[in-house]
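> Quick one: structure below, then a few questions.
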């Protein structure tokens, strides 16, 4: 006689299991957010792989509440509700008002567009940007998420990690290339991060945006640092001397911002 085994799964374990409908909703939002523009429902189905009936129900439910929008000819895009919720993240961040003031001062001192970003595992999330008045190119935007290894902001923040931490963050998958200049060789990246640790300034040339060079430094109010600021320099102006000049300004601004945040008790 076979005795039935008791179900040893705890209530906490049961409650921690992902809810399929919620998981699919989040995947839809992230897929639409990552798209360059509106995409057809057929293309959305191809990207997420949900059953067609479930996909259509989810899309229509999300459209009714403003999370997605129908744009005509069967296409869908991220909706305005996502902006409202995303803005609340910025509104509650105590570091951001200080960072914005720093970006504006750094823009005036450098003459270039400035950025503030936070590392999220293997990516950086742009939280603020201040464009120069003569900027002809939007090099980044608030809410944009890029692989950390392909940005100066990300390299500055990755340099804060130990070798073991870096391996854990980057994982075992190949590093994606955003342009022909993106560094995807891990040994080359590691050597570059050693240089960042020595100089405290990170740089990249056209690794995520053609025609743009960026210089960045971390903001030291957390250990390891989670945030960094940068300047975007048109590649044609990014001489060695100009990179050194702007790098000095960025480092000074980042250190000053870190000191202000610590003094204000922001953690």
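> Just to be sure before I move on: is residue 194 in the same structural domain as residue 168 (by TED's automatic domain parsing) and under 19 Å from residue 98 (Cα atoms) in the structure I sent?
The answer is no for residue 194.
> Show me the helices (runs of 4 or more DSSP H) entirely contained within the stretch 1-118 in which 1 or more residues are over 24 Å from the mean Cα position of the chain (by Cα) and either surrounded by 14 or more Cβ atoms within 10 Å (Cβ to Cβ) or modelled with pLDDT of 90 or more (or both).
41-48, 52-64, 96-110
> OK, next. Somewhere in the stretch 126-148, is a residue surrounded by fewer than 16 Cβ atoms within 10 Å (Cβ to Cβ), assigned by TED's automatic domain parsing to the domain that holds residue 184, under 16 Å from the mean Cα position of the chain (by Cα) and modelled with pLDDT of 95 or more?
no
> Can you pull out every residue in the stretch 214-226 that is within 17 Å of residue 154 (Cβ to Cβ) and surrounded by 20 or more Cβ atoms within 10 Å (Cβ to Cβ)?
Answer for the stretch 214-226, where residues must be within 17 Å of residue 154 (Cβ to Cβ) and surrounded by 20 or more Cβ atoms within 10 Å (Cβ to Cβ): 214, 215, 216, 217, 218, 219, 225.
> Then there is this: State all residues of the stretch 227-241 that are more than 21 Å from residue 182 (Cβ to Cβ) and surrounded by 17 or more Cβ atoms within 10 Å (Cβ to Cβ); if no residue qualifies, say none.
227, 229
> Could you check residue 154 against (1) within 17 Å of the chain's Cα centre (by Cα); (2) surrounded by fewer than 17 Cβ atoms within 10 Å (Cβ to Cβ) and say which number it fails?
Result: residue 154 fails condition (2) only.
The values are calculated or read from the model by the stated rules, or taken from the named source; none is laboratory data. Everything numeric here is computed off the predicted structure, so don't read it as measured data. Quick reminder, even Gly has a Cβ in these numbers, built from the backbone with ideal geometry, and neighbours come from all protein chains shown.
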